[in-house]
Each structure stands twice: as C-alpha cells, then as structure tokens.
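A short worksheet on the structure shown next.
The values are calculated or read from the model by the stated rules, or taken from the named source; none is laboratory data. From a predicted model like this one, the values you see are computed outputs, not experimental measurements. Here Cβ is always computed from backbone atoms with ideal geometry, including for glycine, and neighbour counts include all displayed protein chains. For accessibility, only protein heavy atoms count, side chains too; no ligands or nucleic acids. Shrake-Rupley method; radii C 1.70, N 1.55, O 1.52, S 1.80 Å.
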Amino acid sequence: QIELVESGGGLVQAGGSLRLSCAAAGRIFSSVAIGWFRQAPGKEREIVCGINRRGGLYYSESAKGRFAISRDNAEQTVYLQMNSLKPEDTAVYYCNAHRVLPPRDYWGQGTQVTVSS
C-alpha cells in the first residue's frame, strides 16, 4: 500500500517555473516507479514524465528540455521541476505509483497548475 499527496501547484505566468512535490507514505516506495500525469479540461489524462526505482527517466515530448523529475527515496518524495511553462501546460497534475508485481497503480488527489498568457 502507498499513499500519495501532491503539492506545489498554483498560478504562474507563461515562462515561469513551478516545482511540484509528491510525498509518499508506505513501505513500498523504493520498489515502485513514479510518474507525473496531467489532465486538462476536456482532455484525457496523459503522462508527463516518469522515474523508475533505478533512476531511469522518461519524458514526453512536451516535457523534454523544460521539465525535470527526481526522486528522494530517503524522503519518499518525487519532485517535478517545471520551467518555461506555457498556457498549454495548464492542467491538474497527478502523481502515480506503479507497482509491477503484483501490478497495481496508486494515484494522488492531484494539484492544479494554471499558466496564464
């Protein structure tokens, strides 16, 4: 079992930066991959980036060069540094923990990011 709580969202102007945090409670944190997803109004939830338990990284095309994901296993926290934000980055951002065996996904409650033009 793992519980996820996101924080750090807010309103920022285009070109600005935000850092999101995903704090995890649970003993399996070090054995799961963590991903950041987002969902804009009227759109499907999409993956933004992810980091596996060995530190391997994945970034969507929209995130490459602007966003950076990192994890602190000791603090059981994953961070998403978002730079050069654009209005199209506006969405609710969700933290996801993916366990491989047995397969299961855990989700946080989400944090709103709004980028004004």
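Within segment 40-57, the set of residues being assigned to a strand (DSSP E or B) and open to solvent by 50 Å² or more (accessible area, probe 1.4 Å) comprises Glu46, Ile47, Leu57. Selection of segment 58-81 for residues being over 17 Å from Trp107 (Cβ atoms), open to solvent by 40 Å² or more (accessible area, probe 1.4 Å) and over 12 Å from the mean Cα position of the chain (by Cα) yields Glu61, Ser62, Lys64, Gly65, Asp72, Asn73, Ala74, Glu75. Of all residues in segment 82-117, exactly one satisfies the criterion of being within 14 Å of Leu20 (Cα to Cα), in a strand (DSSP E or B) and open to solvent by 60 Å² or more (accessible area, probe 1.4 Å), namely Gln112. Does Ala63 satisfy the condition of being in a loop (DSSP other than H, G, I, E, B), farther than 23 Å from Val12 by Cα and out of contact with any Ser or Thr (no Cβ under 9 Å at 6 or more places or on another chain)? So Ala63 fails the test.
Does Arg71 satisfy the condition of being of a type in the set (D, E, K, R) and closer than 16 Å to Cys49 by Cα? So Arg71 passes the test. Checking Arg66, Arg53, Arg71 one by one, the residue that is free of Cβ contacts under 8 Å to residues at least 24 places away in the same chain, touching a Lys or Arg at 6+ places or on another chain (Cβ under 9 Å) and either under 16 Å from Asn96 (Cα atoms) or among the β-branched types (Val, Ile, Thr) (or both) is Arg53 and no other.
Screening Gly16, Gly35, Gly8, Gly26 for residues that are in contact (Cβ under 8 Å) with a residue 24 or more places away in the chain, surrounded by 13 or more Cβ atoms within 10 Å (Cβ to Cβ) and out of contact with any strand residue (DSSP E or B) (no Cβ under 7 Å at 6 or more places or on another chain) leaves exactly one candidate, Gly16.
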